[in-house]
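Participant: Dumping the structure here so I can ask a few things about it.
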Amino acid sequence: MKEINNQTEPLVIQDIVADGKGKAVLNDQIFYVIGAFPDEVVNGEIVKKKKNEIQCIVSDVIKPSPFRQNPKEEHYLSCSPWQVIDYSYQVQLKKYIIKKVFHALVHVDIDPVLEHDDQNTWHYRTKVEYSFAEIEKKVFLAFHKPTKHNEYFILDYGCCLFDTDLNNQVLELLELIRLSGLEKYDLKSIVIRKSFNFSETSTILLAVKNKKDRVVNSLETLKKFNFSNFVVVHSSYKTPITTIDEILLKNGRETIKEKILGKVFEYGYLSFFQNNITLFEKTLLDIKNYLEKSNFKIKPKAVELYSGVGTIGLSLVEYFDRVTAFEIDDIAVKYSLNNAKLNNITNFYALPMPAEKVKIFGENDVLIVDPPRGGLHTKLVKRIIESKPVLIVYLSCNVTTLARDVGMLNSIYDIDFMKFYDYYPQTPHVEGLCILKRKI
């Protein structure tokens with residue numbers, strides 16, 4: 001392989017893999033290329049090497065796919081690397097990836113159903129987080145470049161996956177930040193949450209990394225920001241994750257309010273909540289329809305793991321004698337219990353506990369899981385196999401770990417319902433729902 005200035009010689013993209021990268025083989029080495037698609041010929045900038053595998057970012061498209069189009073944003077590789085291809089082709093590729101992953105890990109051939117909304121492929125995100133960069137002592141909104149944490153894309157207009165009006169509000173805040181004397185060294189992130197159904201509860205959180213005099217003095221300028229729900233917090237520089245270590249300035253409420261299928265939910269600035277409300281509601285309706293047809297002689301008990309602020313369990317609670325929810329984040333547990341009160345629900349219970357330590361479900365129970373991208377903990381999979389709950393409702397944001405876990409459970413469970421949802425247009429990500437029914 002020829003390599004000049006960290007660039008590859010032309011690569012013929014032969015396939016697409018589960019995380020959305022194009023795959024090429026050259027001189028017995030495998031190349032995975034961010035931003036490249038099947039049948040394209042590209043040059044790639046090498047970002048990481050292993051023995052027989054090289055990670056790249058597309059640097060030049062020599063022969064484009066017939067589905068390729070111009071990106072809306074210069075920073076697309078950081079937020080939505082598939083916005084350079086036609087949306088109908090995105091849907092095709094996602095179905096192909098799902099089919100390939102389930103064939104490899106579950107050893108079943110499926111023709112996946114992918115629910116998608118052609119009319120809402122932009123501005124759908126209800127949360128976005130911006131970093132900061134500095135050019136000639138002027139602060140800008142930024143995204144980290146993929147695989148290059150110390151390099152940034154400058155965002156002059158925010159991001160088009162998010163609400164335009166709120167992006168404009170953030171740009172107004174940026175002007176105040178510039179006037180306040182804050183420097184990039186002081187700033188950590190801006191987190192914006194949008195309520196889909198209650199616009200007055202959208203909120204903006206500015207996180208700063210220190211409490212030096214100029215940070216404290218800047219608060220007087222930042223108070224001029226005309227947004228009804230705005231908070232400035234100190235968030236430790238020791239972690240890249242935005243945390244709330246101390247509230248320095250607060251205007252408005254501490255929660256965001258959302259309505260899901262007629263029920264009201266409140267959650268905090270940093271709580272997990274689904275990003276695509278329209279398709280999330282369709283997912284819940286599919287689960288409800290399944291449970292409606294299950295015809296249980298006696299209402300079963302349900303155990304919900306990775307329950308967050310209780311959105312799924314509370315949305316399905318009428319089908320169960322009781323729902324007991326477990327979540328490792330005790331703040332999320334408090335929100336879930338409050339959400340039960342908001343909706344006058346008395347058969348929902350929640351406790352702070354990691355999923356792998358929960359042992360209270362049995363063969364007559366329904367298990368509801370919505371794990372993070374890493375999927376189910378191995379201890380939990382073992383516990384499920386031992387306890388054999390009658391049904392498992394498994395919602396996943398990662399097709400690969402969903403298939404892996406279903407494959408580990410398929411000796412005692414059949415896939416009784418399966419559907420996928422394009423929560424994340426312009427990206428390779430997809431949401432998957434599998435309802436597993438015990439074989440005996």
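The values are calculated or read from the model by the stated rules, or taken from the named source; none is laboratory data. Please read all numbers here as calculations on a predicted model, not as lab measurements. Heads up, the Cβs are rebuilt from the backbone with ideal geometry, glycines too, and the neighbour counts pull from every protein chain shown.
Participant: Tell me, yes or no, whether region 35-51 has at least one residue that is buried (at least 20 other Cβ atoms within 10 Å of the Cβ), within 27 Å of the chain's Cα centre (by Cα) and of a type in the set (Val, Ile, Thr).
Facilitator: No, that holds for no residue.
Participant: Could I ask something else about it? Look through region 5-18, keep the residues that are over 14 Å from residue 96 (Cβ atoms) and of a type outside the set (Val, Ile, Thr), and return whichever of them is modelled with the lowest pLDDT.
Facilitator: Filtering first and then ranking leaves 5.
Participant: So which of 281, 304 ends up being in contact (Cβ under 8 Å) with a residue 12 or more places away in the chain, over 21 Å from residue 115 (Cβ atoms), surrounded by 14 or more Cβ atoms within 10 Å (Cβ to Cβ) and assigned by TED's automatic domain parsing to the domain that holds residue 365?
Facilitator: Working: 281 fails: over 21 Å from residue 115 (Cβ atoms).
Step by step, each of 281, 304 is checked, and only 304 is in contact (Cβ under 8 Å) with a residue 12 or more places away in the chain, over 21 Å from residue 115 (Cβ atoms), surrounded by 14 or more Cβ atoms within 10 Å (Cβ to Cβ) and assigned by TED's automatic domain parsing to the domain that holds residue 365.
Participant: Right, another one. Name the single residue that is surrounded by the most Cβ atoms within 10 Å (Cβ to Cβ) among those in region 7-34 being under 24 Å from the mean Cα position of the chain (by Cα) and β-branched (Val, Ile, Thr).
Facilitator: Among residues in region 7-34 that are under 24 Å from the mean Cα position of the chain (by Cα) and β-branched (Val, Ile, Thr), the one surrounded by the most Cβ atoms within 10 Å (Cβ to Cβ) is 33.
Participant: Closer than 24 Å to residue 280 by Cα and touching a residue at least 60 places away in the same chain (Cβ under 8 Å): does that describe residue 404? Give the derivation first.
Facilitator: Details: closer than 24 Å to residue 280 by Cα: yes; touching a residue at least 60 places away in the same chain (Cβ under 8 Å): yes.
Yes: the conditions hold for residue 404.
Participant: Now for a separate question. Do we have residue 199 as within 22 Å of residue 120 (Cα to Cα) and either touching a Cys at 6+ places or on another chain (Cβ under 8 Å) or polar (S, T, N, Q) (or both) here? First the steps, then the outcome.
Facilitator: Numbers: within 22 Å of residue 120 (Cα to Cα): yes; either touching a Cys at 6+ places or on another chain (Cβ under 8 Å) or polar (S, T, N, Q) (or both): yes.
Criteria met by residue 199.
Participant: Sticking with this structure for a sec: Would you please name the residue that is nearest to residue 17 (Cα to Cα), looking only at residues in region 52-74 that are under 22 Å from the mean Cα position of the chain (by Cα) and surrounded by fewer than 19 Cβ atoms within 10 Å (Cβ to Cβ)?
Facilitator: The residue in question is 71.
Participant: Could you check how many residues of region 393-440 are among the charged types (D, E, K, R), buried (at least 20 other Cβ atoms within 10 Å of the Cβ) and outside any helix (DSSP H, G or I)?
Facilitator: 2
Participant: Moving to a separate point now. Give 24, 36 a once-over and let me know the one that is closer than 30 Å to residue 128 by Cα and modelled with pLDDT of 95 or more. Before the answer, list the steps.
Facilitator: Details: 24 fails: closer than 30 Å to residue 128 by Cα.
Going through 24, 36 in turn, just one is closer than 30 Å to residue 128 by Cα and modelled with pLDDT of 95 or more: 36.
Participant: If you go through region 353-369 one residue at a time, do you hit one that is assigned to a loop (DSSP other than H, G, I, E, B) and closer than 21 Å to residue 262 by Cα? Before the answer, list the steps.
Facilitator: Taking region 353-369 as the starting set, the residues that turn out to be assigned to a loop (DSSP other than H, G, I, E, B) are 353-354, 358-365.
Adding the requirement that they be closer than 21 Å to residue 262 by Cα leaves none.
Looking for residues that are assigned to a loop (DSSP other than H, G, I, E, B) and closer than 21 Å to residue 262 by Cα, one finds none in region 353-369, hence no.
Participant: Identify the single condition in (1) at positive phi; (2) modelled with pLDDT under 95 that residue 261 does not satisfy, given that it satisfies every other one.
Facilitator: The single condition residue 261 does not satisfy is (2).
Participant: Being small (Gly, Ala, Ser) and touching a strand residue (DSSP E or B) at 6+ places or on another chain (Cβ under 8 Å) is the filter; apply it to region 219-270 and report the residue that is surrounded by the fewest Cβ atoms within 10 Å (Cβ to Cβ). Explain how you work it out, then say what you get.
Facilitator: If we filter region 219-270 for residues that are small (Gly, Ala, Ser), which is where we start, we get 228, 235-236, 252, 262, 268.
Those still in the list that are touching a strand residue (DSSP E or B) at 6+ places or on another chain (Cβ under 8 Å) too: 228, 235, 252, 268.
Numbers: 228: 13, 235: 23, 252: 15, 268: 20.
If we take residues in region 219-270 being small (Gly, Ala, Ser) and touching a strand residue (DSSP E or B) at 6+ places or on another chain (Cβ under 8 Å), then 228 is surrounded by the fewest Cβ atoms within 10 Å (Cβ to Cβ).
Participant: Okay, moving on. What pairs come out if I take residues in region 161-182 that are farther than 25 Å from residue 71 by Cα and pair them with residues that are of a type in the set (D, E, K, R) and part of a helix (DSSP H, G or I) whose C-beta lies under 9 Å away, six or more apart or interchain?
Facilitator: Short answer, once both residue conditions are applied: 180/214; 180/220; 181/214; 182/214.
Participant: Among the residues that make up region 260-277, is at least one of them part of a helix (DSSP H, G or I) and either under 29 Å from residue 161 (Cα atoms) or not assigned by TED's automatic domain parsing to the domain that holds residue 355 (or both)? Steps first, answer last, please.
Facilitator: Residues of region 260-277 part of a helix (DSSP H, G or I): 277.
Add one more test, that the residue is either under 29 Å from residue 161 (Cα atoms) or not assigned by TED's automatic domain parsing to the domain that holds residue 355 (or both), and what stays is 277.
The answer is yes, given that some residue of region 260-277 is part of a helix (DSSP H, G or I) and either under 29 Å from residue 161 (Cα atoms) or not assigned by TED's automatic domain parsing to the domain that holds residue 355 (or both).
Participant: In region 335-363, how many are free of Cβ contacts under 8 Å to residues at least 40 places away in the same chain and aromatic (Phe, Trp, Tyr)?
Facilitator: First, the residues of region 335-363 that are free of Cβ contacts under 8 Å to residues at least 40 places away in the same chain: 336-337, 340-341, 344-349, 351-354, 356-357, 359, 362.
Keeping just the survivors that are aromatic (Phe, Trp, Tyr) gives 348-349.
Adding up the residues that qualify gives 2.
Participant: Would you point out which residue out of 361, 296 is closer than 22 Å to residue 437 by Cα and touching a Pro at 6+ places or on another chain (Cβ under 7 Å)? Give the steps one after another, and end with the answer.
Facilitator: Numbers: 296 fails: touching a Pro at 6+ places or on another chain (Cβ under 7 Å).
One residue alone meets the criteria, 361.
Participant: From the set of residues in region 186-218 that are at pLDDT 90 or above and in a helix (DSSP H, G or I), which is surrounded by the most Cβ atoms within 10 Å (Cβ to Cβ)?
Facilitator: That would be 218.
Participant: Evaluate region 378-392: report whether one residue or more is over 28 Å from residue 427 (Cβ atoms), assigned to a loop (DSSP other than H, G, I, E, B) and within 22 Å of the chain's Cα centre (by Cα).
Facilitator: For region 378-392, residues over 28 Å from residue 427 (Cβ atoms), assigned to a loop (DSSP other than H, G, I, E, B) and within 22 Å of the chain's Cα centre (by Cα): absent.
Participant: Just one of 105, 141, 93, 77 is assigned by TED's automatic domain parsing to the domain that holds residue 415 and touching a residue at least 24 places away in the same chain (Cβ under 8 Å); which is it? Steps first, answer last, please.
Facilitator: Values: 141 fails: assigned by TED's automatic domain parsing to the domain that holds residue 415; 93 fails: assigned by TED's automatic domain parsing to the domain that holds residue 415; 77 fails: assigned by TED's automatic domain parsing to the domain that holds residue 415.
Matching residue, one of 105, 141, 93, 77: 105.
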